[in-house]
Amino acid sequence: MSRDRGSRLLGEGIIKGLAETARNFFGSYISKQRLTTVQYPEERIPQDESFRNFPFLVYDGSDPEAGLRCVSCQICEKECPPKCIFIEKSKDKKPDAVGKPQFYPTVFDIDVSVCMSCQICVEVCPFEAIKMDVKYDYPTESRFAALLFDKHQLAKSNDYYHQIHPTEASAVDAALAAEREAAATKAAAAAAKAAAAKPAATAGAPGTATASAATSTVTPPSDTTAGEPR
Amino acid sequence: MTQTPDQVFVILKHWLLGYVPTSVHAIASAVLSILPLMVVFPLLFAITTLLERKGLGRIQNRLGPNRTGPMGLWQPLADGIKSLTKEDIVPFTADHIVHFLAPVLLVVAAFLAYAVLPVGRNMALVNLNAGVLFFFAVGSVVELAVFMAGWSSRSKYSMLGAMRAIAQMISYEVPLVLASVVVIMQAGSLSTVDIVERQATYTGIFPHWYVFTPWGFLGFILFMIAATAESNRSPFDLPEGESEIIAGYYIEYSGFKFALFFLGEYLGMFATSGIAITLFLGGWSAPLSVLTFIPSWAWFFLKLLTLICMFIWVRGTLPRLRMDQLMNFAWEFILPMALFNMVIAGLWRFMNPGAVRWFVCAFLILVPMFVLSALLKRKKKLQLRTYSFAE
């Protein structure tokens, strides 16, 4: 057997081992490469682009209120497996990312102490409004209240999104731009059609005709016109 | 007045005693001698815990503790505060009195051993004419404390740990004492102070430390191995093997009682290291006659720190032994070697001084060493394990 090497002096292996540990001891002072531990709060390992932790809400432009992409459709709230999202829909409307008047969330809470980072909310969102954040350290002094993030804490700019997930954000921006363009051409076509229909329908009541045209162009069923994000 | 730094503590004590009325002279003298020991060695314990964690970290290519204070220097303080503020839990079924007494006895026994340790010239607390004997007698009280802790906790793990500790400590106490017998034979005295003074003479610039003789060197190695086992340190830390029996005999201790166990263990380690220094490494004497200007107590503590570093180094290197390996090693290698060493020490005494004596003794040590190690190796031939059903 290779382990049993005849009549060597007892303790030879111990001396070899001592030499090895001594090499480690002095080597750790000389070469920094030996110290593989990352000194966490000061040093951090660069994150992979696909890293994700908790969701956040994307807003366009500089105003988190006006630019919020979320239209309060509440799909994420329904789909969320641990039920950590709470949304209250607004009564009035504001223009969304594509430019159509939409509802917006008056309350949008995510309880990150419950969130399991599954990303299902992101998968189901038809408006590219909720995305995954990369921040992972949320030290707080209270166990529950401080980990219930409200709309203001969750809203983060599109620039931030670009910063943390560049590739994904560019794809989203391209898709949104295409949608915006499609909506614009559609609106133009509808306007032209309405303009063409207008002279023909002069006999009827003009007020009702314009009103019906406006409703058909402005508020279509959201998931058909917005299209699938992926 | 070259002796002033060497004797500074002795002079200080006498100066302080001058202010004390003669009626309480004896007790004041005792207090003044004991107090520094009770301050310095626990302090050394604090330093050692940090040194150990740092050293083990470096051995494993880590930084070790570096969060409390600059470079983690306040770590021992933080540990102390933590253990003081922790809840002191006593198991409901435990024997409360014995459970409480065990750590106290351990620390008391560990401190008693320092009574005969000459930490410097004229700096032994008492010069007992049976100092070495006293040391080993007090050292064996530790076993009682360990068993008290294991038994009174009423826990299976404590019990197992205590049983292991007793088996190990008794097994290694024999070679520990036998390894030191050679020194007693040579010095012709049991007094630790006398033993150091025998070694503190010089031929040319070299001292007459017993470690520089073949039998002394072997004795030192055997003594240190036995001392490692005696103080339950890795690789002989079976009694507290974390992975098997969690923490052994002190598993049911928390808070400051646990800290006391920790302290007692380290104090025991310092004491055995101290006696090893006294017996083999010339106690407080300088390693070269030209270095005698450095105070004797500084030499003692330098040697002590060196031995502590050796302990840490060994702990960071070797894995834990198995119980049968531990016992085989004690009874089949260390004990016969220690006995043989006594014969060689006797031979050394009756041969004429010179190189011939040195080589004859060295040869006579190496031969049984080879034979015994071959015997030990032959026995532990590993067999391929066959499984009837798994394959």
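Before moving on, here are some points about what is shown:
- Flag for B:Gly248 being at pLDDT below 85, on the phi > 0 side of the Ramachandran plot and over 17 Å from the mean Cα position of the chain (by Cα): yes
- Restricting segment A:1-41 to residues that are at pLDDT below 80, exposed (fewer than 10 other Cβ atoms within 10 Å of the Cβ) and within 9 Å of chain B (Cβ to nearest Cβ), the residue that is nearest to B:Lys377 (Cα to Cα): A:Gly6
Conditions (1) part of a helix (DSSP H, G or I); (2) within 16 Å of B:Trp297 (Cβ to Cβ); (3) touching a residue at least 24 places away in the same chain (Cβ under 8 Å), marked per residue:
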residue: B:Thr4; (1), (2), (3): no, yes, no
residue: B:Ser23; (1), (2), (3): yes, no, no
residue: B:Ala30; (1), (2), (3): yes, no, no
residue: B:Leu43; (1), (2), (3): yes, yes, no
residue: B:Asn66; (1), (2), (3): no, no, no
residue: B:Lys82; (1), (2), (3): yes, no, no
residue: B:Thr93; (1), (2), (3): no, no, yes
residue: B:Leu101; (1), (2), (3): yes, no, yes
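- Here is the figure for segment B:281-295: residues that are in a helix (DSSP H, G or I) and touching a helix residue (DSSP H, G or I) at 6+ places or on another chain (Cβ under 9 Å) total 1.
- Here is the figure for segment B:195-232: residues that are part of a helix (DSSP H, G or I), in contact (Cβ under 8 Å) with a residue 40 or more places away in the chain and of a type outside the set (Phe, Trp, Tyr) total 16.
The rows are residues; the columns are (1) surrounded by 17 or more Cβ atoms within 10 Å (Cβ to Cβ); (2) closer than 19 Å to B:Ser155 by Cα.
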residue	(1), (2)
B:Glu240	yes, yes
B:Ala247	yes, yes
B:Ser254	no, yes
B:Leu263	yes, no
B:Thr278	yes, no
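- Only one entry in B:Phe333, B:Phe350, B:Phe363, B:Phe389 is within 12 Å of chain A (Cβ to nearest Cβ) and either within 16 Å of B:Ile225 (Cβ to Cβ) or out of contact with any strand residue (DSSP E or B) (no Cβ under 6 Å at 6 or more places or on another chain) (or both), namely B:Phe333.
- Scope segment A:81-105; condition hydroxyl-bearing (Ser, Thr, Tyr) and touching a residue at least 24 places away in the same chain (Cβ under 8 Å); matching residues: A:Tyr104
- In segment B:123-142, the residues that are of a type in the set (Phe, Trp, Tyr) reach residues that are in a helix (DSSP H, G or I) with C-beta atoms within less than 7 angstrom, at least six apart or across chains, in these pairs: B:Phe134/B:Val116; B:Phe135/B:Ala113; B:Phe135/B:Val116; B:Phe135/B:Ile275; B:Phe136/B:Val177.
- Check on B:Arg198, within 15 Å of the chain's Cα centre (by Cα) and more than 14 Å from B:Ala330 (Cα to Cα): no
The values are calculated or read from the model by the stated rules, or taken from the named source; none is laboratory data. Values in this document were obtained by computation on a predicted structure and should not be read as measured data. For neighbour counting, all protein chains shown are included, and Cβ atoms are generated from backbone atoms with ideal geometry for every residue, glycine included.
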